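Student: Sharing a structure below in structure tokens format, with a few things to ask.
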Amino acid sequence: MARSFHDATKHSYASVRANTHIMDWANKPPPFKIYPAIEPLALPRDIPQTGVSALSAIAQPVRPLSGEVSPSLQDLTRILYFSAGITRHRKYPGGEIYFRAAACTGALYEIELYVVTGDLQGLDAGVYHFNPADVSLRLLRKGDYRGNLAQATAFRSSVAHGHTIIVCTGTYWRNAWKYQARTYRHFGWDHGTLVANMLAVSAASGLPTEIVLGFLDSKVNSLLNLDTHREVSWCLIPIGRTAANSPPPPRDVLPLSLETIAFSGHEIEYPAMLAIHESSSLESDQDVVQWSGKHTVSASYVPASEVVWLRPLPEQEEPTDTIEQVILRRGSSRKFDPTKSITLAELSTILESSTRGIAADFLNPRGVQFNDLYLIAHAVKGLRPGAYFFHREQNALELLKAGEFRAEAGYLGLEQQLPADACVDVFFLADLDDILKRHGNRGYRAVQLEAGMIGGKMYLAAYAQRLGATGLTFFDDDVIHFFSPHARNKSAIFLLAIGMPLRANP
């Protein structure tokens, strides 16, 4: 199912021109989920910064420890705000855009956050929805329901002993209004960039976290009272750790009659998205146990030509801006200056920091990842222009072919100017058939999420060095053709362009 969905949602030169979809601006969904009858619980606004540098927070997660590691209400607020909060807004004729802490396709922000927590000082145990519009929580269920999530994950340690668990969901129509069925790919990318922020801020706050994809979808959806034709749970992020030997017992979950404001006058349902999500859902405890027991495997790549060893910035030369400062500064670059270049040290720092510090139930202890990184370098001092493959374990770039490929990069990035003007373009490619063979359709969620997460960390690493970055879409098969024969039999997953913004960052 996942393979057929991926093929059906590929972009090509012909398919883009054949698509007659028109955005109905009068029917555009609002950017927030609103529960009009539930009183908001305002979260504290004056939150002290962690003082931890962005590059450190990106690359060095806090490992699970024994004993109690509990978030405070300030910690929880910091994590929620710097993952999904509004950082700036811009007015335009007919409306206003509220930009969030993490990048999102089309600035449509289809990801919702829910909090399942035990008692915190200033916050009673319960199931809450986070509203970025007023930085508040709304209580959906009163009481401690962490045991329900522990049960849904076959009592995975990070969840069973998690002090607070954040559940991330995707709302179909808010993104499909523009992107149609390809939205399901965007679910992975947009969850990934948000989770990258969440992991970095949690690490800076000294709180262990993990990304958990192994859970019974129906139990989590029921706990959040989701209409699964419109919104579905995607991943769990346990925060902190309790000292208790066992989680609280599961509680009865009754349907709730909670009014929400309709997204639009009418919504269009794309059956392909519902079908891929259903086929990638886990339905039994055995499914969850099997998922959590599977890990990525390391492909064996032997450099066959010129190799350039990465040389990250020495620690004493790394930027010291805090993770909060960088998130507030970050945005998706609208234009790059094609006359400017970055250094090999800056690129090395981005690659090294962004591919470390990922704790997830689908990664093996050595951190082997689904996505391979291919680069087109245009203007990197110390690196010949050309196409490269990133050898993660050797921390090296292998030259696949030398040459000036700005025109090709612009074409591959859906004929946009940004990848042509960038200093370097990073393409995320994966052996999708092998992933699906080993992990089933659930692996499709993982590969898209991982790409967005590494891309999100690259955003932060670039902006920490006062560079710019932006995520882009692409002509799928043409990307593979460009990087072949090395990339033969792989699939294009994501693209991030990195460069010097035409207007300097503040």
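Student: Roughly what would the spin-label model give for Gln121 and Ala37, points 7 Å off Cα along C-beta, in nm?
Tutor: That separation, rounded to one decimal, is 3.6 nm.
Student: Using only the alpha carbons, work out the radius of gyration and Dmax of region 149-283 in angstrom.
Tutor: Looking at region 149-283, its Cα Rg and Dmax stand at 16.0, 49 Å.
Student: For the chain, give me the percentage of DSSP beta bridges that are antiparallel, rounded to the nearest 5 percent.
Tutor: If we restrict to bridges inside the chain, about 95 percent are antiparallel.
Student: Could you pull the Cα extents of region 358-422 along its three principal axes, largest to smallest, in whole Å?
Tutor: 40, 26, 17
Student: OK, next. Please list log₁₀ I(q)/I(0) at q = 0.18, 0.24, 0.32 Å⁻¹ for region 411-462, using the Debye equation with identical point scatterers on the alpha-carbon positions.
Tutor: The computed values of log10 I(q)/I(0) come out as -0.74, -0.95, -1.14.
Student: Where only protein heavy atoms count, and the probe is 1.4 Å, what is the accessible area per residue for the chain in Å²?
Tutor: Normalised by residue count, the accessible surface of the chain is 39 Å².
Student: Mind jotting down the distance between the C-alpha centroids of region 422-465 and region 168-187, whole Å?
Tutor: Centre-to-centre (Cα) distance: 17 Å.
Student: Given bins 5 angstrom wide, list per bin the percent of all Cα-Cα distances in region 160-221, short to long.
Tutor: Calculated P(r), rounded to whole percents: 4, 14, 22, 22, 18, 12, 6, 3.
Student: Hey, another quick one. Let me know the whole percent of all Cα-Cα pairs from the chain that are separated by more than 42 Å.
Tutor: 12
Student: I've got another one for you. What's the longest uninterrupted piece of the chain once you rule out the GluC sites (Glu not before Pro) that are loop residues per DSSP with at most 14 other Cβ within 10 Å?
Tutor: Segment 69-258 is the longest.
Student: Could you run the Karplus curve 6.51 cos²θ - 1.76 cosθ + 1.60 with θ = phi - 60° over region 223-240 and give me ³J(HN,Hα) per residue in whole Hz, x for Gly and Pro?
Tutor: After applying 6.51 cos²θ - 1.76 cosθ + 1.60, I find 4, 8, 6, 8, 7, 6, 7, 10, 8, 9, 6, 10, 8, 10, 10, x, 10, x Hz.
Student: Diagonalise the Cα gyration tensor of region 229-385 and give the resulting equivalent ellipsoid semi-axes, square root of 5 times each eigenvalue, largest first, whole Å.
Tutor: 40, 24, 21
Student: For Glu317 and Asp46, what is the calculated FRET efficiency with R₀ set at 35 Å and r taken between the beta-carbons, to the nearest 0.05?
Tutor: In this case the efficiency is close to 0.60.
Student: Here's another thing I want to ask about it. Around Lys335, which amide H atoms from residues at least 5 apart in sequence, or from another chain, sit under 5 Å from its own amide H, with H modelled in the peptide plane?
Tutor: The answer is Leu502.
Student: Further question on the same structure: Along each of its three principal axes, how wide is the spread of alpha-carbon positions in region 1-137, in whole angstrom units, largest first?
Tutor: Sorted largest first, the three principal extents are 57, 36, 32 Å.
Student: Please work out the ratio of the alpha-carbon Rg of region 241-291 to 2.2 N^0.38 Å and round it to two decimals.
Tutor: Dividing the Cα Rg of region 241-291 by 2.2 N^0.38 Å gives 1.83.
Student: Would you kindly work out the equivalent ellipsoid of region 2-74 from its C-alpha gyration tensor and give its semi-axes, the square roots of five times the eigenvalues, largest first in whole Å?
Tutor: Equivalent-ellipsoid dimensions as semi-axes: 41, 26, 15 Å.
Student: Could I ask something else about it? Which of the residue pairs Lys10/Lys381; Lys10/Lys437; Lys91/Lys178; Lys28/Lys437 have a Cα-Cα distance greater than 27 Å in the structure shown?
Tutor: In this structure, Lys10/Lys381; Lys28/Lys437 exceed 27 Å between Cα atoms.
Student: When only DSSP loop residues count, what trypsin sites (Lys or Arg not before Pro) in region 40-130 have their Cβ near at most 14 other Cβ atoms within 10 Å?
Tutor: The qualifying sites are Arg45.
Student: Taking only the alpha carbons of region 187-246, what extent do you get along each of the three principal axes, in Å, biggest first?
Tutor: 37, 32, 17
Student: Semi-axes of the equivalent ellipsoid for region 114-208, please: Cα gyration tensor eigenvalues, times 5, square-rooted, ordered largest first, whole Å.
Tutor: 25, 16, 15
Student: Using 1/(1 + (r/R0)^6) with R0 = 35 angstrom and r between the beta carbons of Glu393 and Asp285, what's the FRET efficiency to the nearest 0.05?
Tutor: Efficiency computed from Cβ-Cβ geometry: 0.50.
Student: Evaluate region 411-504: find the radius of gyration of its Cα atoms, find its Kirkwood radius, and give the ratio Rg to Rh.
Tutor: Taking Rh as the inverse mean 1/r over Cα pairs, Rg/Rh reads 1.01.
Student: Return the Rg/Rh value of region 352-462, two decimal places, where both radii are evaluated on C-alpha atoms and Rh is the Kirkwood radius.
Tutor: 0.99
The values are calculated or read from the model by the stated rules, or taken from the named source; none is laboratory data. The model shown is predicted, which means the values in this text are computed figures rather than measured ones. Cβ coordinates were reconstructed from backbone atoms using ideal geometry, including for glycine residues, and neighbour counts include every protein chain displayed. Keep in mind that these areas ignore ligands, DNA and RNA; they rest on the heavy atoms of the full protein, side chains included. Shrake-Rupley method; radii C 1.70, N 1.55, O 1.52, S 1.80 Å.
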